[in-house]
Amino acid sequence: MINIKKIQLKNLQEFVESDLFLSFKNKPISILRVVSYLNNPNAQKDDFCLYLALVNNKLVAYRTLFTDSFIYKKQKQKFCWLSGSWTHRDYRRKGISSKLFKEIYNDWNGKIIFSNYAKNSKALYDKTNMFTVLKTLKGKRYYRRICLAEILPNKNNFFNKIKPLLIFIDWTLNLFLDFRFVMNPKIKSKYKMEKIGKWEKDIEHYLIKFKEKELFQRTIETYQWIQKYPWIKSDLDTKKAAKQYNFSLYAKKFNNDFYKISNPKTTKIIAVINISIRDKQLKIPYLYSSPDALNIIKILIYKLCDKHKINHITIYHNLLNNLIKKDKKLFLKQKVFNQNYFISKTLLEEFEGMASAETQTGDGDGVFT
């Protein structure tokens, strides 16, 4: 018999210290996520955040989610992001994941949004007929270097078996290809580009004009939360813990930094940008800029790509893409990518027209992974 256990935020710390949690071979939540959830500025202690399906205290399925809010027509609405669904292979196609989802839907009164979904999860949501597309963001991925060892193992298990060989091939080919970056003239900028450590009032003031157009109007407190409580780390303890967790937890390199670009003479801010580097992938979860500052942002991106030997860049900002795609000689290939956001029909009906508000790829759990 399936026993469903639901964890509220106020009980989360106690749960991960319990004998039950410690007995699980596959952990339903990482300690990094626990710390992040407990410090989420949008959450309240009674919020449900973890749903478990147990058979004789054996974990057979789970679902995780986290609290957020949006503002539309000056009305603030709390909701949850679906963020992780797993079912043990021996218990799949038995409706267990659907049972957990129904519990979430009822507890959250249908106020649910999701993105970055797995195919199986998407199929389940489609089957319920409870969701519709909120927004589709169109982006591009630019491949700078050969990365067969990253791409091919996901397509066929054969390539996974010969991954060491693919790594050697990548290294050998890139040894020669990287000369094209060395030979490029170094572009200097008269503007000051620096990481944001402390979020000063001038940054908050600069972002106000952008926030009025957005659906998920991130506060400075939320950005600080993202910076301080990552879901991915690169230390040995995290690498060991990742063996018992089915979602993003460990990377050889993970940096998720916010930058401000300003005029050193006037100290006026002309852009604020969030750049995430995971191993050899670079993406931009958040970007706030006037059109005339985009060339400066491009310089910053290229400098980081050279420093970290980035294989590919993924960008969903149309004006920045129009600028970058002109540098064809720097890229081996360009590929179109879409990111879809789905919302419960119940929530969309309550806030009709909200799809017109702006969304960025950092909205949801994408900014953490």
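We did not get these values from a lab; they are worked out from the coordinates using the rules stated. Worth saying up front: this structure is predicted, and the values here are computed from it rather than measured. FYI the Cβ positions are ideal-geometry reconstructions off the backbone, even for glycines, and counts take in every protein chain you see.
Taking the fewest neighbouring Cβ atoms within 10 Å as the starting point, the ordered list for 306, 363 is 306, 363.
Sequence gap at least 6, Cα distance under 8 Å: using those rules, report the relative contact order of the range 139-339 to the nearest whole percent.
So the answer I get is 31 percent.
Give the percent of DSSP beta bridges with both residues in the chain that are antiparallel, rounded to the nearest 5. Could the numbers behind the result be given before it?
Numbers: 61 of 68 bridges.
Beta bridges within the chain, antiparallel portion: roughly 90 percent.
Couplings 3J(HN,Hα) of the range 229-234, computed from phi: 10, x, 9, 10, 9, 10 Hz, in residue order, whole Hz [Karplus 6.51 cos²θ - 1.76 cosθ + 1.60, θ = phi - 60°; x for Gly and Pro]. Computed extension length for residue 346-residue 172: 57.3 nm, one decimal, from 0.36 nm per residue of separation with the Cα-Cα distance subtracted.
If you sort the three axes of the alpha carbon gyration tensor as a ≥ b ≥ c, you get a/c of 1.5 or more for the chain and a/b no higher than b/c, which makes it oblate.
For the peptides 42-52, 57-67, the ranking by mean Cβ contacts within 10 Å, running from highest to lowest, is 57-67, 42-52. The aspartates and glutamates whose alpha-carbon is closer than 20 Å to the alpha-carbon of residue 335, local same-chain residues fewer than 8 away aside, are 150, 170, 279, 327. Report note on the peptides 72-81, 240-249: ranked by the mean count of other C-beta atoms within 10 Å, highest first, their order is 240-249, 72-81.
Which loop-located trypsin sites (Lys or Arg not before Pro) does the range 288-323 contain, where loop means any DSSP state but H, G, I, E or B and the Cβ has at most 14 other Cβ atoms within 10 Å?
Numbers: sites: 298, 303, 307, 309; in loops: 309.
Sparse-neighbourhood loop trypsin sites (Lys or Arg not before Pro): 309.
Sort the range 139-339 into rounded, prolate or oblate with this rule: let a ≥ b ≥ c be the square roots of the eigenvalues of the Cα gyration tensor; rounded if a/c is under 1.5, and if a/c is not under 1.5, prolate when a/b is larger than b/c, oblate otherwise. Since a/c reaches 1.5 but b/c is at least a/b, the shape of the range 139-339 is classed as oblate.
Across the range 258-265, computed HN-Hα scalar couplings (Karplus, 6.51 cos²θ - 1.76 cosθ + 1.60, θ = phi - 60°) run 9, 10, 10, 10, 9, 7, x, 6 Hz from first to last residue, x flagging Gly and Pro. Taking amide H atoms as placed 1.01 Å from N in the peptide plane, the amide H of residue 92 has no partner under 5 Å among residues 5 or more positions away or on other chains.
Would you kindly calculate the translational diffusion coefficient of the range 3-129, applying Stokes-Einstein with the Kirkwood radius from alpha carbon pairs, for 20 °C and a viscosity of 1.002 mPa s, and quote it in µm² s⁻¹ without decimals?
140
Taking amide H positions as modeled 1.01 Å from N, with prolines and chain starts lacking one, the residues under 5 Å from residue 270 and 5 or more places away or on another chain are 261, 262, 263.
Across the chain, the mean sequence separation of Cα contacts (distance under 8 Å, 6 or more residues apart), normalised by length, yields a relative contact order of 23 percent.
Rounded to the nearest 0.05, what FRET efficiency do residue 319 and residue 266 give with R0 = 35 Å and r taken as the Cβ-Cβ distance? Could you check?
On the way: r = 23 Å, r/R0 = 0.66.
For R0 = 35 Å, the calculated efficiency reads 0.90.
Available extension along the chain between residue 138 and residue 23 is 37.1 nm, counting 0.36 nm per residue and deducting the alpha carbon span. Think of it as helices only: each DSSP H run of n ≥ 4 in the chain is worth -39500 (n - 2.57), and spread over all residues that comes to -9500 deg cm²/dmol at 222 nm.
Free of any GluC sites (Glu not before Pro) that DSSP assigns to a loop and that have at most 16 other C-beta atoms within 10 Å, the longest stretch within the chain is 18-199.
Could you rank the peptides 318-324, 141-147, 205-211 by their average count of other C-beta atoms within 10 Å per residue, with the highest value first? Please list the in-between numbers first.
Working: 318-324: 16.3, 141-147: 19.7, 205-211: 14.4.
Sorting 318-324, 141-147, 205-211 by mean packing, highest first, produces 141-147, 318-324, 205-211.
Compute the Cα gyration tensor for the range 109-238, then decide on rounded, prolate or oblate, letting a ≥ b ≥ c be the square roots of its eigenvalues: rounded whenever a/c is under 1.5, prolate when a/b is larger than b/c in the other cases, and oblate in all that remain. Since a/c reaches 1.5 but b/c is at least a/b, the shape of the range 109-238 is classed as oblate. Per-residue Karplus couplings for the range 151-163, computed as 6.51 cos²θ - 1.76 cosθ + 1.60 with θ equal to phi - 60°, are listed in order as 8, 5, x, 6, 9, 7, 5, 4, 5, 5, 5, 9, 4 Hz, Gly and Pro entered as x. Close amide H pairs (under 5 Å, H built 1.01 Å from N) link residue 144 with 312, 313, 332, residues at least 5 positions away or on another chain.
Bridges between two residues of the range 263-337, per DSSP, are antiparallel at a rate of about 70%.
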